[in-house]
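In what follows, a structure is listed as structure tokens, so that the remarks can point back to it.
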Amino acid sequence: EIEPNHRTETASPATFGAAMRGYLHPVGDKDYWSFTVEAPAEVKADTAGLEDLVEGAGLAPTPDAGLSSVEIQITTPEIDADLELVDEDGAPVARANATGLGGTEKLKVDLPAGKYYAVVSPVMSGAAACGEPYTLHVTLR
């Protein structure tokens with residue numbers, strides 16, 4: 001993660017297929033990770049920190065011509081984090097916050113070509129969430 005990355009203009013680039021580590025610091029921090037969908041394909045993104053993955057939002061891809069299936073996942077061993085997917089204008093596309101402390105949030109959506117941001121933020125913005133790591137995975141299929 002490259003700080004500052006708390007807005008779309010300063011987002012850290014997400015590398016498809018790689019495990020990326022981030023930290024929610026200082027208190028109230030949000031991390032933006034950018035990726036671009038260039039053609040129809042499936043994208044998977046996750047933040048991992050636990051062995052077991054939990055389906056966060058319960059979204060399933062619905063194949064459509066001209067769309068890419070995207071899966072985003074975060075795992076946060078010590079905090080309760082929110083995972084949101086926004087488009088290049090910052091408009092919400094999907095959100096997951098179902099597992100609570102130490103859980104894995106997961107999104108799976110179909111997207112048209114364009115630039116997107118995975119946004120990771122603590123559910124509680126207090127000092128307890130500050131500085132704890134999470135792992136993000138983004139996969140394009």
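The values are calculated or read from the model by the stated rules, or taken from the named source; none is laboratory data. Please read these numbers as outputs of a predicted model, since none were measured by experiment. Every residue, glycine as well, gets a Cβ built from its backbone with ideal geometry; the counts of neighbours run over all protein chains shown. The area values use the complete protein model at the heavy-atom level, side chains included, leaving out ligands, DNA and RNA. Shrake-Rupley method; radii C 1.70, N 1.55, O 1.52, S 1.80 Å.
Assorted remarks:
- Applying the criterion of being crowded, with 22+ Cβ neighbours inside 10 Å and touching a Gly at 6+ places or on another chain (Cβ under 6 Å) to the residues of region 71-86, the residue that is farthest from residue 14 (Cα to Cα) is 76.
- Qualifying residue in region 42-53 (condition: more than 11 Å from the chain's Cα centre (by Cα), outside any loop (DSSP other than H, G, I, E, B), at pLDDT below 60 and not basic (Lys, Arg)): yes
- Region 8-39, subset touching a strand residue (DSSP E or B) at 6+ places or on another chain (Cβ under 6 Å) and open to solvent by 50 Å² or more (accessible area, probe 1.4 Å), residue farthest from residue 114 (Cα to Cα): 23
Here is a yes/no grid of residues against (1) modelled with pLDDT under 90; (2) within 29 Å of residue 38 (Cβ to Cβ); (3) in a strand (DSSP E or B):
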site: 73; (1), (2), (3): yes, yes, yes
site: 79; (1), (2), (3): yes, no, no
site: 93; (1), (2), (3): no, yes, yes
site: 107; (1), (2), (3): yes, yes, yes
site: 116; (1), (2), (3): no, yes, yes
site: 134; (1), (2), (3): yes, yes, yes
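- Test for residue 60: is it of a type in the set (Gly, Ala, Ser), open to solvent by 40 Å² or more (accessible area, probe 1.4 Å) and either closer than 17 Å to residue 135 by Cβ or at pLDDT below 90 (or both): yes
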